[in-house]
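Please read the structure below before turning to the comments.
The values are calculated or read from the model by the stated rules, or taken from the named source; none is laboratory data. As the structure is a prediction and not an experimental result, all values here were calculated from the model. For neighbour counting, all protein chains shown are included, and Cβ atoms are generated from backbone atoms with ideal geometry for every residue, glycine included. Keep in mind that these areas ignore ligands, DNA and RNA; they rest on the heavy atoms of the full protein, side chains included. Shrake-Rupley method; radii C 1.70, N 1.55, O 1.52, S 1.80 Å.
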Amino acid sequence: MLDLRLNCDTVRRVLTGFIDNEVRKAGFERVVVGLSGGVDSSLSAFLAAEALGPQNVWGILMPYRTSNPESAAHATLVVEALDIHNLTVDITPMVDAYFATFTDADNVRRGNKMARERMTILFDHSARLGGLVLGTSNKTELLLGYGTLHGDMASAVNPLGDLYKTQVRQLALHLKVPTVIVEKQPSADLWAGQTDEAELGFTYKEVDRVLYLLVDQRYEVADLIADGFDERFVRAVYHKVQASQYKRRLPVIAKVSSRTIDRDFRYPRDWGR
Amino acid sequence: MRRSRVAVAQIAPILGDVEKNLALHEKAAREAISQSVNLLVFPELSLTGYFLKDQVTSVALTEHAPALDVLRNLSHRVAMVVGFVEEAPGHRFHNAAAYLEGGEIRHIHRKVYLPTYGIFDEQRYLAAGAQVQAFDTALGRMAILICEDLWHPATAGIAAWDGAQIILCPSASPGRGLGQAEPFQNASTWERVIRAYGDLFTCFVVYANRVGYEDGACFWGGSEVVGPTGQALAKARYLEEEFLVVEVEGGALRRARVANPLLRDERLELTLQEVQRILRARGGDPG
């Protein structure tokens with residue numbers, strides 16, 4: 001049952017169809033996507049260009065002064081491969097202006113601020129260009145909570161949110177995303193030398209297996225331990241998923257009325273679309 | 001059973017918009033008439049879309065609703081199976097499918113098994129039907145089973161034992177489970193199930209699935225007409241709209257039942273006796 005291989009042709013059709021359908025239903029033709037030079041945003045851009053045509057995709061590069069120059073170079077590879085519109089907005093002035101007042105901020109606060117700065121730029125360009133913000137968060141990072149709430153987790157339409165990181169890589173290779181992007185060490189690039197796997201303490205390959213069994217195949221923690229998975233690792237993963245549940249939901253509302261948004265006022269997101 | 005041309009309208013209904021969906025139905029009915037189709041089958045909840053949630057009460061129609069008049073009129077020229085939310089007396093809302101023929105509704109099936117697990121939430125919004133019955137039409141004897149109904153094999157058995165020559169299955173199946181199966185894991189299960197029913201119950205099965213997206217879920221299409229030896233006689237594409245037409249004829253049904261007289265040998269009294277024994281042993285416990 002532990003098979004994370006995709007039938008890439010079908011997934012490609014489903015995801016491009018999804019982008020086309022959800023964007024047009026909302027009354028738009030264009031998308032705006034933040035390009036980090038990583039595999040997730042690159043794949044999102046490739047799918048969007050195929051779904052909507054490259055003339056309807058805007059890739060926005062948003063470097064900070066400490067960003068690895070390789071990130072912008074790889075994002076530019078994507079822009080050139082797809083022939084999509086692009087724009088670079090340096091976030092250094094706004095981020096540094098803020099932290100000039102709060103000089104004690106650690107890497108996490110700085111990283112979150114950068115992610116949220118980028119989000120405000122994407123949503124401003126959504127209004128400016130008349131395009132929806134295309135999401136780039138994959139299922140692994142959404143489940144682990146490895147993302148900034150209202151930062152990189154924010155989007156209008158997310159084609160990748162039900163694909164694990166290792167599946168994102170499979171699909172990216174299938175769509176011919178440049179291999180240098182698919183094969184490099186994933187990094188949020190929020191500070192020099194950061195890599196996802198060093199920060200998380202495990203590899204995507206390892207964690208995707210556990211998440212797939214827990215979430216998709218409905219294994220209990222005890223089942224995984226009985227099957228020989230390392231108990232500490234499984235419990236750590238489970239804890240991360242549980243602890244980050246709030247990030248995957250709207251803010252909790254105090255219920256006092258007879259019909260409360262999302263509790264007993266339940267309409268599809270595509271209501272009226 | 002008459003030799004007939006059967007069509008499936010593999011459409012993408014618009015969520016919550018009965019008026020626009022009626023227009024889609026009218027267009028498909030006219031296409032059917034132009035192709036001399038005798039019976040046109042639409043997917044589950046074809047007039048309303050599927051993941052309605054709290055919209056259920058706003059899109060519901062009674063069986064006498066004037067909104068259905070245009071389809072009633074068209075049914076003089078082509079019989080149709082149409083999916084809708086039926087508001088029944090007592091303001092109970094059903095996931096229903098109507099068989100329209102000769103200007104009137106001949107039969108309504110109310111979905112018996114309302115899936116309420118995983119991606120599904122039907123029992124929250126809808127009332128379950130309480131009957132599975134075959135019915136006579138100008139084309140032959142039929143039964144309607146809606147989507148999840150078919151995942152309970154007794155319903156297909158009842159339809160066949162009640163004389164159905166064609167089982168009509170309107171469906172709104174969202175694709176789930178990525179792997180090597182095309183296009184989704186649940187789609188391959190569906191295909192095994194309907195072909196097995198054709199074979200085991202020696203009848204035709206018309207599986208009418210929809211396409212399109214609702215809240216990110218994708219309906220996989222792949223509608224199919226299965227013959228009474230379990231073979232797919234015609235199959236629509238996955239994930240795209242299609243108007244699928246195929247001819248069905250009583251000779252194939254007769255030959256299948258001669259070669260494989262399973263229905264003749266069916267022992268309903270045995271089934272009844274054992275079901276009653278099981279129910280007695282459970283003593284009210286669902287088991």
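Within the stretch B:198-239, the set of residues being more than 13 Å from chain A (Cβ to nearest Cβ) and open to solvent by 20 Å² or more (accessible area, probe 1.4 Å) comprises B:Asp199, B:Leu200, B:Phe201, B:Thr229, B:Gln231, B:Ala232, B:Leu233, B:Lys235.
In contact with a Leu (Cβ under 9 Å, 6 or more places away or on another chain), closer than 19 Å to B:Ile11 by Cα and surrounded by fewer than 16 Cβ atoms within 10 Å (Cβ to Cβ) - does that describe any residue in the stretch B:84-106? Among the residues of the stretch B:84-106, not one is in contact with a Leu (Cβ under 9 Å, 6 or more places away or on another chain), closer than 19 Å to B:Ile11 by Cα and surrounded by fewer than 16 Cβ atoms within 10 Å (Cβ to Cβ), which makes the answer no.
From (1) in contact with a Ser or Thr (Cβ under 9 Å, 6 or more places away or on another chain); (2) assigned to a loop (DSSP other than H, G, I, E, B), pick out the condition that doesn't hold for B:Ala164. With respect to (1) in contact with a Ser or Thr (Cβ under 9 Å, 6 or more places away or on another chain); (2) assigned to a loop (DSSP other than H, G, I, E, B), B:Ala164 is out only on (1).
Residues that are touching a helix residue (DSSP H, G or I) at 6+ places or on another chain (Cβ under 6 Å), closer than 21 Å to A:Asp90 by Cβ and open to solvent by 20 Å² or more (accessible area, probe 1.4 Å): does the stretch A:138-148 have at least one?
So the first thing to find is which residues in the stretch A:138-148 are touching a helix residue (DSSP H, G or I) at 6+ places or on another chain (Cβ under 6 Å), and the list is A:138, A:140, A:143-145, A:147-148.
Still in the list and also closer than 21 Å to A:Asp90 by Cβ: A:148.
Imposing the further condition that a residue be open to solvent by 20 Å² or more (accessible area, probe 1.4 Å) reduces the set to none.
Checking the stretch A:138-148: not a single residue is touching a helix residue (DSSP H, G or I) at 6+ places or on another chain (Cβ under 6 Å), closer than 21 Å to A:Asp90 by Cβ and open to solvent by 20 Å² or more (accessible area, probe 1.4 Å).
Would you confirm, using the coordinates I've provided, whether B:Leu40 is under 20 Å from B:Val225 (Cα atoms) and within 14 Å of chain A (Cβ to nearest Cβ)? Spell out how you get there, then give the answer.
Working: under 20 Å from B:Val225 (Cα atoms): yes; within 14 Å of chain A (Cβ to nearest Cβ): no.
The answer is no for B:Leu40.
Yes or no: A:Leu250 farther than 17 Å from A:Leu2 by Cβ and among the aliphatic types (A, V, I, L, M)? Quick ask: steps written out before the conclusion?
Values: farther than 17 Å from A:Leu2 by Cβ: yes; among the aliphatic types (A, V, I, L, M): yes.
Against the criterion (farther than 17 Å from A:Leu2 by Cβ and among the aliphatic types (A, V, I, L, M)), A:Leu250 qualifies.
Suppose we keep only residues that are more than 9 Å from chain B (Cβ to nearest Cβ) and free of Cβ contacts under 8 Å to residues at least 12 places away in the same chain within the stretch A:260-273. Which one would you say is least open to solvent (accessible area, probe 1.4 Å)?
Going through the stretch A:260-273, the residues more than 9 Å from chain B (Cβ to nearest Cβ) turn out to be A:260-263.
Among the residues that remain, those that are also free of Cβ contacts under 8 Å to residues at least 12 places away in the same chain are: A:260-261, A:263.
Details: A:Thr260: 10, A:Ile261: 105, A:Arg263: 139 Å².
Among those residues, the one meeting the criterion is A:Thr260.
Among the residues of the stretch B:245-256, some residue qualifies, meaning at least one is within 30 Å of A:Asp20 (Cα to Cα), surrounded by 11 or more Cβ atoms within 10 Å (Cβ to Cβ) and more than 14 Å from every other protein chain (Cβ to nearest Cβ).
Taking the criterion of being touching a Lys or Arg at 6+ places or on another chain (Cβ under 6 Å) and within 16 Å of A:Glu206 (Cα to Cα), the residues of the stretch A:127-165 that qualify are A:Asn138, A:Thr140, A:Leu144, A:Leu163, A:Tyr164.
Please find, within the stretch A:32-53, the residue that is nearest to the other protein chains (Cβ to nearest Cβ) out of those that are surrounded by 18 or more Cβ atoms within 10 Å (Cβ to Cβ) and more than 18 Å from the chain's Cα centre (by Cα). So that I can check it myself, show each step before the final result.
In the first step, residues of the stretch A:32-53 are kept if they are surrounded by 18 or more Cβ atoms within 10 Å (Cβ to Cβ); the result is A:32-52.
In the following step, the residues that additionally are more than 18 Å from the chain's Cα centre (by Cα) were identified as A:50-52.
Values: A:Glu50: 15, A:Ala51: 12, A:Leu52: 15 Å.
Within the stretch A:32-53, the match that is nearest to the other protein chains (Cβ to nearest Cβ) is A:Ala51.
Selection of the stretch B:167-190 for residues being part of a helix (DSSP H, G or I) and surrounded by fewer than 18 Cβ atoms within 10 Å (Cβ to Cβ) yields B:Gln185, B:Asn186, B:Ser188, B:Thr189. Residues in the stretch A:199-251 that are closer than 17 Å to A:Gly147 by Cβ, surrounded by 11 or more Cβ atoms within 10 Å (Cβ to Cβ) and among the small types (Gly, Ala, Ser): A:Ala243, A:Ser244.
I need the full set of residues from the stretch A:1-31 which are within 7 Å of chain B (Cβ to nearest Cβ), farther than 26 Å from A:Phe123 by Cβ and open to solvent by less than 30 Å² (accessible area, probe 1.4 Å), in order please.
In the first step, residues of the stretch A:1-31 are kept if they are within 7 Å of chain B (Cβ to nearest Cβ); the result is A:3, A:5-7, A:10-11, A:13-14, A:17-18, A:21-22.
With farther than 26 Å from A:Phe123 by Cβ added as a condition, the list becomes A:3, A:5-7, A:10-11, A:13-14.
Once the filter is applied, which keeps residues that are within 7 Å of chain B (Cβ to nearest Cβ), farther than 26 Å from A:Phe123 by Cβ and open to solvent by less than 30 Å² (accessible area, probe 1.4 Å), the stretch A:1-31 yields A:Leu6, A:Asn7, A:Thr10, A:Val11, A:Val14.
Scoring A:Thr88 on the criteria (1) open to solvent by less than 50 Å² (accessible area, probe 1.4 Å); (2) away from chain B (no Cβ under 11 Å) leaves a single failure, condition (1).
Taking the numbered list (1) within 26 Å of A:Gly145 (Cα to Cα); (2) in a strand (DSSP E or B) in turn, A:Arg116 passes all entries but (2). Restricting B:Ala154, B:Ala143 to those that are outside any loop (DSSP other than H, G, I, E, B), open to solvent by 20 Å² or more (accessible area, probe 1.4 Å), on the phi < 0 side of the Ramachandran plot and more than 14 Å from chain A (Cβ to nearest Cβ) reduces the list to B:Ala154. Candidates are the residues of the stretch B:1-56 that are part of a helix (DSSP H, G or I) and in contact with a Pro (Cβ under 8 Å, 6 or more places away or on another chain); the one that is most open to solvent (accessible area, probe 1.4 Å) is B:Lys53. If the condition is being more than 13 Å from chain A (Cβ to nearest Cβ) and under 16 Å from the mean Cα position of the chain (by Cα), then the stretch B:167-191 contributes B:Ile167, B:Leu168, B:Cys169, B:Pro170, B:Ser171, B:Ala172, B:Ser173, B:Trp190, B:Glu191.
Considering only the stretch A:119-137, state which residues are part of a loop (DSSP other than H, G, I, E, B) and either open to solvent by 20 Å² or more (accessible area, probe 1.4 Å) or without any contact (Cβ under 8 Å) to a residue 60 or more places away in the chain (or both). Hits for the stretch A:119-137 are A:Gly130, A:Thr136. Residues in the stretch B:110-124: is at least one closer than 24 Å to B:Lys27 by Cβ and in a strand (DSSP E or B)? No, the stretch B:110-124 has no match at all.
Set side by side, the residues A:Gly145, A:Gly135 differ, and just one is at positive phi, modelled with pLDDT of 95 or more and of a type outside the set (D, E, K, R), which is A:Gly145.
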